[in-house]
Structure formats: structure tokens, C-alpha cells
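None of the figures in this text is laboratory data; all of them are computed from the coordinates on show. Model, not experiment: these values are computed from the prediction. Backbone-built Cβ (ideal geometry, glycine too); neighbour counts: all protein chains shown.
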Amino acid sequence: MMRRGSTGPDVVAWQAFLRSEGYTTIAADGVFGVATEIATRELQRARGLTPDGIVGPATLAAARGAAAPSSAPSSARYPVRLSAAGRALIKSFEGLRLTAYPDDGWSIGYGHHGATEGQTITQAEADRLFDADVARFERAVATAITRGTQWEFDALVSLAYNIGTDGFTRSTVLRRHNAGDTTGAADAILMWNQDNGRVLPVLERRREKERQIYLHGHDGSATPAPAAPSSRAMTALLVLAGAGLLWLRWR
């Protein structure tokens, strides 16, 4: 049985398994620390086990018998990794909290579920948890979709990160996306604006940004600045202005 504070080759083996499941920022250093415990809790939750962070016989058996796909299909002809803009987008939505906060349980870092009350982490640990979560949702989305552009993938992973893999895989968004109904899928993103039956403005704003990114590759908030005239165009303008002044003077 392994838990926080355990050390040795068994811990190395468990950490290597976690890495194979997408928790790639977990170091296989043989020290069962906070990051390893959080990843273990998340894996237990996904396997339907009590998320106590302790690796006992039940956790080992469930992990061996119900491993998730390790990657998207090798023949995928669509993006399977978030762009830098997609990662920044999710971080901007989630915000950063280094102390656990109530969130249908307890969350920490960039919206990572599976924390415990009173738990604190460092910025580096928050980044590692975010990387592991992103890898898990990238894998879930890439496995579920059959087509897509980079910006569509970014928007879908952002949505899945917020509503969970179960919600995403059962969603109208995914069904319409795979059917090639881009407009319908974009509109369906807006449906996910409630928490316990109550519409939340923060979710409405997030869904609208995800919709814009899904359709256009950006959130629609930036207006491009007008291009400066070229030197040749500026010369022509000056010549025309001078001619106008001469015409007015001799008129």
C-alpha cells in the first residue's frame, strides 16, 4: 500500500503508470508527494473508486483492468494537442488558486478537481497539475472527434475541461461537430451556461468566447488596427494635397 510519504521502487512504478495515463508532469522519482497524491485521487475518481489518494489492492486492480486510451488514434487527421493560445485561454477562464476551494468537492490550481480542504500548493505544482489535466482532456477530445481544425480543437478542449469528459462525450456539441454541422455545434456550446439549473453570467461569457474561437479562431474581442499607408501611397496623397492647394490659390 502506498500513500503520501511512501518511497521506493513501488512508488516509481506507480508514478510511471500515472505518466502513461496522461499525468506526464509527475516525476518518477520514487517519492509519493502532493502531486502524486492528487493524480492518484483523480485516477481513482475516474475509475469509480473512493478518491482517498491511497494506492491499495483495489486501486491497483482497477488501474490495471480499466486503463484509458493513452493517445488519439494514430491515423487522426486533426489536431490532438492544444495550441499555446488554447492553453492560455483555459488558464484565463479558470484563474489560479494555490489554496483549495469548494467546487463540487475541492479544487485547486487551475480548476483541478480532487484537492482536499485546506490543501495548498506552489505555482510549479499548479502548472504540473494543469499540464496533466490538459493532457487528459486532449486525449478525451481527440479520441471522441472525427474531424476538426486547430481552433475547433482548442474550443472543444476548453469546453471539456469545464464540463468534464462525460458531459462532453454525451453532448450535442460533439454530435453536431462530428456530423460536420459547424454552426449547429457552435450554437450548442452556448447551451452549457448553467450550474445546477441556474444560468451564470460567467459561464455565458466563457461559452460565447469558446463559440467565437470554434468558428473563427479568435474570441472576436480584438479589432485589427488600420494598416498604415505605404510610403508610395503617402507620396501620392501629398501630391494630391499640393495640387488641391494650388487649385484653390489660383481659382
Condition met for ALA179 (under 21 Å from THR143 (Cα atoms) and out of contact with any helix residue (DSSP H, G or I) (no Cβ under 6 Å at 6 or more places or on another chain)): yes
Restricting the search to segment 125-172, which residues are touching a residue at least 40 places away in the same chain (Cβ under 8 Å), among the aliphatic types (A, V, I, L, M) and closer than 15 Å to TYR110 by Cβ? LEU129, ALA132, VAL134, ALA135, VAL157
Inside segment 19-34, can you point out the residues that are surrounded by 21 or more Cβ atoms within 10 Å (Cβ to Cβ) and out of contact with any Leu (no Cβ under 7 Å at 6 or more places or on another chain)? GLY22, TYR23, PHE32
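Which members of segment 93-137 meet the condition of being small (Gly, Ala, Ser) and surrounded by fewer than 13 Cβ atoms within 10 Å (Cβ to Cβ)?
Here is the first cut: in segment 93-137, the residues small (Gly, Ala, Ser) are 95, 100, 105, 107, 109, 111, 114-115, 118, 124, 126, 132, 135.
Within segment 93-137, GLY95, GLY118, ALA124 qualify.
Would you mention how many residues in segment 165-180 are small (Gly, Ala, Ser) and either more than 17 Å from ASP195 (Cα to Cα) or exposed (fewer than 14 other Cβ atoms within 10 Å of the Cβ) (or both)?
Of the residues in segment 165-180, the ones small (Gly, Ala, Ser) are 167, 171, 179-180.
Checking the rest, the ones that are also either more than 17 Å from ASP195 (Cα to Cα) or exposed (fewer than 14 other Cβ atoms within 10 Å of the Cβ) (or both) come to 179-180.
Final tally of qualifying residues: 2.
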